[in-house]
1. Being under 24 Å from the mean Cα position of the chain (by Cα) and surrounded by fewer than 23 Cβ atoms within 10 Å (Cβ to Cβ) is the filter here; which residues of segment A:153-162 pass it?
2. Mind listing just one residue for me: the one in segment A:64-73 that is more than 8 Å from chain B (Cβ to nearest Cβ) and either touching a strand residue (DSSP E or B) at 6+ places or on another chain (Cβ under 9 Å) or touching a residue at least 40 places away in the same chain (Cβ under 8 Å) (or both) and, of those, nearest to residue B:248 (Cα to Cα)?
3. Anything in segment B:118-148 that is within 14 Å of chain A (Cβ to nearest Cβ) and part of a loop (DSSP other than H, G, I, E, B)? List them, or say none.
4. So for segment B:7-30 (the condition being surrounded by fewer than 24 Cβ atoms within 10 Å (Cβ to Cβ), in contact (Cβ under 8 Å) with a residue 12 or more places away in the chain, more than 9 Å from chain A (Cβ to nearest Cβ) and on the phi > 0 side of the Ramachandran plot), does at least one residue qualify?
5. Checking residue A:95 against (1) buried (at least 24 other Cβ atoms within 10 Å of the Cβ); (2) touching a helix residue (DSSP H, G or I) at 6+ places or on another chain (Cβ under 9 Å); (3) in a helix (DSSP H, G or I): exactly one of these is not met. Which one?
6. Is it true that residue B:291 is in contact with a strand residue (DSSP E or B) (Cβ under 9 Å, 6 or more places away or on another chain) and under 23 Å from residue B:240 (Cα atoms)?
7. Are any residues in segment B:298-319 more than 21 Å from residue B:201 (Cα to Cα), without any contact (Cβ under 8 Å) to a residue 60 or more places away in the chain and crowded, with 19+ Cβ neighbours inside 10 Å, and if so, which ones?
């Protein structure tokens with residue numbers, strides 16, 4: 001196994017992109033990444049594309065072939081991967097494996113979702129495909145309802161409050177306001193969250209990530225040749241993934257996401273690092289409670305203690321640990337298949353020192369954490385700057 | 001890169017499986033494969049699951065996590081891959097890469113589709129997601145219509161006849177009649193095909209593969225330890241994949257599938273074999289014209305000459321080259337995500353000498369050929385018995 005580096009990144013603005021279809025968004029992000037790496041489409045040997053539910057959103061499957069076609073790749077193997085909201089992170093991990101193994105040198109990783117061509121109720125139904133259709137969604141619960149159950153239990157067991165959850169949203173909006181790619185470039189207050197419309201008690205609309213269009217792309221190469229393309233290659237120091245049961249009812253606990261715990265522990269072990277080594281993290285805040293769970297399950301905080309720490313400002317930009325500097329899923333937007341790839345784009349920018357107003361000072365090591373569904377899949381990456 | 005072997009295979013009966021849901025079908029095929037390999041679910045280190053359009057068929061995405069959960073795998077990385085009708089072949093190729101690279105030893109590969117829970121018109125619409133939604137399907141053509149265009153042009157350029165296409169269907173039904181897993185265990189005649197209901201001129205209903213439920217599974221291991229599990233491990237001698245444009249209109253030719261040509265040429269080169277070395281092939285006959293194209297594009301026949309050869313019986317069971325002994329997609333059925341995996345199951349049985357009434361005498365080397373959409377993806381595998 002050889003070391004793998006990110007040598008190019010590309011992103012589209014996230015949001016309601018009425019004027020652009022899925023193929024346009026993919027082309028925009030993909031070309032940005034190729035240009036950033038300084039390579040042409042002829043150089044790419046394999047492609048992994050993450051998308052969750054394009055069949056239900058726009059009637060289009062077979063997205064990897066479309067992406068390859070659209071970017072002018074030369075008859076290369078192209079593979080769509082789907083692991084619900086962790087589709088992007090999974091695509092990155094497959095790309096990592098293809099390069100680390102020595103099978104391919106230059107590999108493209110894309111993530112995309114075009115969600116606004118259907119009604120919000122159709123979108124919510126499509127997103128329900130991330131949970132257990134037969135045992136959960138088919139019985140009447142919505143996807144936000146699953147996270148509401150986790151939130152309620154967390155409140156019951158650890159005294160977590162709605163105001164503490166709201167603090168996650170306030171922090172992420174504050175970061176998003178500094179990100180030109182973000183869907184919501186607007187600061188909000190705890191009161192705004194508390195007074196927002198209920199979705200699934202205790203979650204209100206400002207506790208929930210939005211419906212978004214957008215795409216993200218990465219170019220990977222072996223670290224040993226990465227300097228040819230880029231002065232600041234970002235090394236992928238760990239790439240791990242774990243699964244858990246699809247339905248909440250089968251789990252030992254719903255106040256922890258076991259897949260995150262396993263993938264996180266494996267990642268720190270693989271990278272030979274400790275929690276304190278991490279300077280910046282993008283975690284999967286599909287709902288505010290999810291960021292609280294992530295901070296605990298990744299081991300940054302003891303179970304039951306993250307909500308207070310976040311509300312106290314410990315994870316704000318350039319505080320103790322900068323979390324979701326992009327604005328996270330809540331502030332930056334959540335085009336589902338793109339999210340896991342966007343997280344890696346943000347960490348790359350942070351480690352290169354290119355994050356502008358939202359730059360974490362002296363960031364050298366970063367992490368991404370991407371969750372599928374209510375936690376049946378978790379994908380974790382650790383990345384570091386090598387000079 | 002190390003050699004990879006198939007050490008276990010499992011299949012469900014294909015057809016209208018009203019009494020079973022997707023999770024039941026996956027469990028049945030998966031447990032069959034685990035038992036065939038003589039391993040337990042704890043031994044499996046990674047899982048790839050191929051499914052095309054479960055979101056549209058049953059509202060369920062996140063299939064790999066569901067499959068892992070259902071089979072009792074231990075929090076392992078699980079990845080759904082989707083490349084339209086080549087989802088199964090793509091899953092096999094990803095599994096092959098994971099083992100060949102040395103990243104994992106025991107990898108499970110599954111393919112599944114549950115298609116009969118929607119109306120035929122909804123199924124046809126979902127399958128259209130394999131083509132180009134914006135540039136083809138959205139303009140009014142159906143998925144069978146795309147292959148009808150290819151058939152018409154092939155007839156025009158090479159004098160291929162409807163009766164010759166019908167001969168593909170007759171042969172494949174004849175093989176399916178000998179396969180207890182097949183959807184249609186019934187011989188048919190040229191007249192039956194010619195008199196069947198028109199679907200998209202010149203294709204009639206008996207030129208088209210059916211709507212099916214079913215699942216297939218494989219267990220892969222490094223060849224060097226395969227004998228521990230199995231007396232007759234089947235070595236994967238080549239695993240290749242290529243892409244072409246998604247829409248027909250962008251291609252140089254619609255009487256050839258370039259992705260098949262590229263993947264096929266690469267496979268023979270990788271395996272250091274010639275066409276004449278192959279004893280048995282499973283090709284992608286989603287429509288009868290597709291089998292004719294496959295036999296030409298894989299290089300078994302010169303362009304324009306396969307239809308006559310098939311009609312002359314050269315590819316019948318134990319004739320010159322035995323093609324689609326399982327019954328193919330036409331006779332055995334085409335649960336889309338399962339098909340590419342089922343092809344490998346059939347070749348494994350053939351090379352082990354376990355194909356019963358449809359056994360190809362002395363079969364030592366076999367091939368599978370799995371196409372996504374109208375040819376934007378092709379995946380080819382060559383397999384051989386090692387004693």
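The values are calculated or read from the model by the stated rules, or taken from the named source; none is laboratory data. For clarity, every value in this text was computed on a predicted model and none was experimentally measured. Because the Cβ atoms are built from the backbone with ideal geometry, glycine has one as well, and the counts that use them run over all protein chains shown.
1. Selection gives A:162 alone.
2. A:70
3. Within segment B:118-148, B:118, B:131, B:132, B:133, B:134, B:135, B:136, B:140, B:141, B:142 qualify.
4. Yes.
5. If we test residue A:95 against (1) buried (at least 24 other Cβ atoms within 10 Å of the Cβ); (2) touching a helix residue (DSSP H, G or I) at 6+ places or on another chain (Cβ under 9 Å); (3) in a helix (DSSP H, G or I), just (2) comes out false.
6. Judged against the criteria, residue B:291 is a match.
7. Answer for segment B:298-319, where residues must be more than 21 Å from residue B:201 (Cα to Cα), without any contact (Cβ under 8 Å) to a residue 60 or more places away in the chain and crowded, with 19+ Cβ neighbours inside 10 Å: B:300, B:301, B:309.
Yes or no, residue by residue, for (1) buried (at least 22 other Cβ atoms within 10 Å of the Cβ); (2) more than 16 Å from the chain's Cα centre (by Cα); (3) closer than 20 Å to residue B:176 by Cβ:
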residue	(1), (2), (3)
B:193	yes, yes, yes
B:202	no, yes, no
B:219	yes, yes, no
B:223	no, yes, no
